[in-house]
1. Keeping all protein chains in place and using 1.4 angstrom, which order do 252, 89, 57 fall into by accessible surface area, from largest down?
2. With a 1.4 Å probe and every protein chain left in place, work out the accessible area per residue of segment 48-116 in Å², rounded to a whole number.
3. Restricting to bridges with both residues inside the chain, how much of the DSSP beta-bridge set is antiparallel, in percent to the nearest 5?
4. Under the rule a/c < 1.5 gives rounded, and otherwise a/b versus b/c splits prolate from oblate, where does segment 62-202 land using the Cα gyration tensor?
5. Net charge near residue 98, counting Lys/Arg +1 and Asp/Glu -1 over other residues with Cβ under 11 Å of its Cβ?
6. Tell me the mean residue ellipticity at 222 nm calculated for the chain from its helices only (DSSP H runs of n ≥ 4, each -39500 (n - 2.57), averaged over every residue, nearest 500).
7. If you look at just the Cα atoms of the chain, how large are its Rg and its Dmax in Å?
8. Would you work out the relative contact order for the chain, in percent, from Cα pairs under 8 angstrom that are 6 or more residues apart?
Amino acid sequence: MSAAVSRRVTVVTAVHGPSARFLPDAYASLCAQRLPAGWEWEWVVQEDGTTDQVRPYVPDDARVSFRQGRPGGPGVARTIALSRARGAYVKVLDADDRLTPGALARDLAVLEARPAVGWVTSRVLDLLPDGTTAGFPGDPDDGPLERGTVLDHWKRNDFRLPVHPATLCVRRELLLALGGWMALPASEDTGLLLALDAVSRGWFSAQAGLLYRKWDGQVTGQAAHVDPAERTARTAVAEARARALADLGWTYPPTAPTPPAAD
């Protein structure tokens, strides 16, 4: 790191063989980011497995680190990748998605200016196979997301989140305090977002920050992802964790203790 650079944001990507071919597009979108003076990014890429399918697509760049590990799903891959994260903030970038111009700078602007905000999300556009994009109705307003609002919306809308966890940028210390991503076969990012919502104020940026690729091989498009029994179990444990955290009363940033009254 040069003497002029003092701050870093870590971009974490979990990847498996079928999605590896999209890494060059993700990398190009990362290289196109323009950060504030004194900032740089690092890209921590973790293969969910030990195949020979991913490494050929990893760029030769000193800012990029690549490791492999036994398969356990994207949540496991992202969490173990945190061992290499050196940034003050951690940004999620799935292997098959692309950041929009300015996305990282907008995330940093919110988190640097608002110490009481623990995490940031942004608007998403679906990237369709023909190259066109499509948005979604019903995004929240640009601005703060008070504690508990994500869980409340999720419960009232058939377990549909008001914001997309694939756009998450979070303070690293808060992410580590919550144990990273949940140990679930899917919806591990939903579980993390609900936990963050339980203990910390969030933020939503109405400017699109991510192009979310739709393709036949994506995990969320597989039949197992919508298996009713598994979905019921996933949602139950994610909700229980969020409510348990809220009931404990711990918040981020921690509330300063009240000094004892003078005698």
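The values are calculated or read from the model by the stated rules, or taken from the named source; none is laboratory data. What you see is a predicted model; the values in this text were computed from it and never measured. For neighbour counting, all protein chains shown are included, and Cβ atoms are generated from backbone atoms with ideal geometry for every residue, glycine included. Please note that ligands, DNA and RNA were not included when accessible areas were found on the heavy atoms of the full protein model with its side chains. Shrake-Rupley method; radii C 1.70, N 1.55, O 1.52, S 1.80 Å.
1. Working: 252 30, 89 10, 57 95 Å².
From most accessible down to least: 57, 252, 89.
2. Ligands and nucleic acids excluded, the figure is 49 Å² per residue.
3. On the way: 13 of 43 bridges.
Antiparallel: roughly 30 percent of the beta bridges in the chain.
4. On the way: a/c = 1.26, a/b = 1.14, b/c = 1.10.
The shape class here is rounded.
5. On the way: positive: 213; negative: 25, 94, 96, 97.
Result for the neighbourhood of residue 98: -3.
6. Working: 7 runs with 75 residues, N = 263.
One gets -8500 deg cm²/dmol as the mean residue ellipticity at 222 nm.
7. Gyration radius and largest Cα-Cα distance of the chain: 18.3, 73 Å.
8. On the way: 495 pairs, mean separation 57.0, N = 263.
Normalised by residue count, the contact order of the chain is 22 percent.
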